[in-house]
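The values are calculated or read from the model by the stated rules, or taken from the named source; none is laboratory data. Note that the structure is predicted; figures quoted are calculated from it, not measured. Note that we place each Cβ from the backbone using ideal geometry, even for glycine, and neighbour counts take in every protein chain shown.
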Amino acid sequence: MLPGITAGPSRDRFVRSKADGAPLPASDDAIAVAPVTQLSRWIESRRLTSQRLTNIYLGRIERLDGKIRSVITVTKDHALARAKKADAEIAAGKYLGPLHGIPYGVKDLLDTKDILTTYGAEPFKNRVPAEDSAVVRRLDEAGAVLIAKLSLGALALNDIWFGGQTMNPWLLEEGASGSSAGPGASTAAALVAFSIGSETGGSIVSPAMRCGVTGLRPTFGRVPRTGAMTLCWSLDKLGPMTRSVEDAMLVLQAITGPDAGDASSVPSRLDFDAAAPVAGLKVGYIAQWMKESPATDVDRAAMDTLRKLKMETVEVTLPDWPYGSLMAILFAKGRRRSRNWP
């Protein structure tokens, strides 16, 4: 953070949506596709156990991921032990919050203690870190259940890893896009309740758009990258990939804030109220982009929906800057970093 500059909201506030008392579905598949917002209410009220939810997702991974190829490592024993611990804590009245007992996956460039972390690349397929990354450690402290290490294009480029190409679960003939292909595809297919991706130059937003999930690319410095593979230290960011906006905020709240291992991570605030009215909010859009490919009728329908919700759409333009220079920075730093990889 540059001296004298403050960023983000002035207050720190997080207001969840109220519990709606929705009954627990009879179908395991209906439970699996529910957002974290709802899953957490069922777990908190003990209508659903973490162990049952974990087994539901493990079953879906076994049944569905053969065609999607979004999971590199299933952490079954670790997950079941964590889920059992979560159920015991909740039964004893020690509820840690909305991520307690919720199964999740992380892009396989985040270190996990004693669990393979491969970077999606053949030379690292047997790599086992000795420590957890900061984000995994924070999710562990929140009571979440790590169930899978998720695919990424080798060394965080595209959607092809040493196990093949990760596919879009809605259209299996199409790649999931990269490089957070596994988090995007597995979250869309409800193989996990939520996931963590990373972005250097579009690697969260691109698979989120392709697979139809909520991807949040945080402001640089908000989420610490300690224990994450470095592609480009001045551009890398870690963020949630979820099935709803509120889910993304629940996860962001748990992983945000500085860590001593990442000198660029800074204190930050979060001001979010799930029940706040959206009427009157301004949404910027690039008018020319909406008129041509790759924009589609889906994008234009989304704009119509914003207006129906009485949000104000405002045409914006991007300054004429040399954006292509970011790729030169990325590959120069990536090459320098690759020389030092073990």
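Quick rundown of the values:
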quantity	calculated
Test result for Ser70, small (Gly, Ala, Ser), buried (at least 16 other Cβ atoms within 10 Å of the Cβ) and touching a Ser or Thr at 6+ places or on another chain (Cβ under 9 Å)	yes
All positions within the stretch 221-234 that are among the hydrophobic types (A, V, I, L, M, F, W, C), in a loop (DSSP other than H, G, I, E, B) and in contact with a strand residue (DSSP E or B) (Cβ under 6 Å, 6 or more places away or on another chain)	Val223
All positions within the stretch 312-326 that are loosely packed, with under 10 Cβ neighbours inside 10 Å and hydroxyl-bearing (Ser, Thr, Tyr)	Thr317, Ser325
Failed condition for Leu238, given (1) under 21 Å from Thr166 (Cβ atoms); (2) under 11 Å from the mean Cα position of the chain (by Cα); (3) surrounded by fewer than 20 Cβ atoms within 10 Å (Cβ to Cβ)	(3)
Answer from Ile204, Ile255, Ile286, Ile196 - the residue that is in contact (Cβ under 8 Å) with a residue 12 or more places away in the chain and not assigned by TED's automatic domain parsing to the domain that holds Asn158	Ile286
Residue satisfying condition, being assigned to a loop (DSSP other than H, G, I, E, B), surrounded by 15 or more Cβ atoms within 10 Å (Cβ to Cβ) and among the small types (Gly, Ala, Ser), within set Ala254, Ala295	Ala295
Answer residue from the stretch 180-220, given it is among the polar types (S, T, N, Q) and assigned to a loop (DSSP other than H, G, I, E, B) and is nearest to Thr73 (Cα to Cα) among those	Ser180
Of all residues making up the stretch 258-283, the number that are of a type outside the set (Gly, Ala, Ser), in contact with a helix residue (DSSP H, G or I) (Cβ under 9 Å, 6 or more places away or on another chain) and in contact (Cβ under 8 Å) with a residue 60 or more places away in the chain	4
Odd one out for Ser27, checked against (1) surrounded by 13 or more Cβ atoms within 10 Å (Cβ to Cβ); (2) farther than 17 Å from Met249 by Cα; (3) of a type in the set (S, T, N, Q)	(1)
